[in-house]
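The values are calculated or read from the model by the stated rules, or taken from the named source; none is laboratory data. Note that the structure is a prediction, hence the values are computed from the model and not measured. Please note: Cβ atoms are built from the backbone with ideal geometry, for glycine as well, and neighbour counts cover all protein chains shown. Note: areas computed on protein heavy atoms with side chains; ligands, DNA, RNA excluded. Shrake-Rupley method; radii C 1.70, N 1.55, O 1.52, S 1.80 Å.
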Amino acid sequence: MDPLIQLLQINSNRSTSELAQILGLTEDEVVRRMRAAEADKTILGYNAVVDKHKAGHRGVTALIEVRITPEREGGFDRLAKRIAKFDQVRECFLMSGGYDLAVLVEGKDLLDVANFVAEKLSTLGGVLSTATHFQLKAYKQSGFLANSGDDEERLPVSP
């Protein structure tokens, strides 16, 4: 992978001058390469990795396993892209194994996610079944260990 892309993946908040110094490039070359990567969609966007609990987010996140019927000409792509366009969907992946798509969704509460599954996702032609798993706690996300303020080690459990 391009070293510039690797550095941005680890910390996209670095300045172009810092990136240039690390890579031994001019700042103009870094800016040019970043713009090119943005233009060709190698870089899809930039975002902060946020501890939702500390930020006061009280919504819910769910991983939905979706089994779908592949289409003759488009395989899984057409329906997967349609599912990915829903506002509630944060991530959507084609998977191997017991289901076809892993869909990560966010909602304001359990009922909001349940309604999304019942009224939007399950009603799409080609969706065979879904299984919804609600996130209880984050330990690591986007490569960062989550810190909910409980840094203490738990005592070992003994019989």
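Fully extending the segment from Lys140 to Met95 would add 14.1 nm, taking 0.36 nm per residue of separation and subtracting the current Cα-Cα distance. Using a Förster distance of 25 angstrom, determine the FRET efficiency expected from the C-beta separation of Glu119 and Glu73, and round it to 0.05. E(calc), rounded to 0.05, equals 0.35. Under 5 Å from the amide H of Glu71 lie the amide H atoms of Phe76, each residue being 5 or more positions distant or on a separate chain, with H modelled from the backbone and absent for Pro and chain starts. Taking every protein chain into account, the 1.4 Å probe leaves Ser129 with about 40 Å² of accessible area, to the nearest ten. With 23 Å as the limit on Cα-Cα distance, the pairs of Lys120/Lys140; Lys81/Lys140; Lys41/Lys120; Lys54/Lys140 that go past it are Lys120/Lys140; Lys81/Lys140; Lys41/Lys120. With contacts taken as Cα pairs under 8 Å and at least 6 residues apart, the chain reaches a relative contact order of 22 percent. Computed with a 1.4 Å probe over protein heavy atoms only, the accessible surface of the range 1-107 comes to 68 Å² per residue.
Exposed loop sites here mean GluC sites (Glu not before Pro) with a DSSP loop assignment and at most 13 other beta-carbon atoms within 10 Å; the chain contains its longest site-free run at 74-151.
Taking amide H as placed 1.01 Å from N in the peptide plane, the amide H of Gln141 sits under 5 Å from that of Ala146, each at least 5 places away or on another chain. Expressed as a whole percent, the accessible area of the chain that falls on carbon and sulfur atoms is 51 (1.4 Å probe). When all protein chains stay in place and ligands, DNA and RNA are ignored, the 1.4 Å accessible-area order of Thr61, Thr132, Thr26, largest first, is Thr26, Thr132, Thr61. For the chain, modelled as a GNM whose springs connect Cα atoms under 10 angstrom apart, the maximal fluctuation among Ala102, Ala131, Ala20 occurs at Ala20.
Give me the number: length gained by fully extending Gln6 to Phe86, i.e. 0.36 nm times residue separation minus the C-alpha to C-alpha distance, one decimal in nm.
In short, 25.9 nm is gained.
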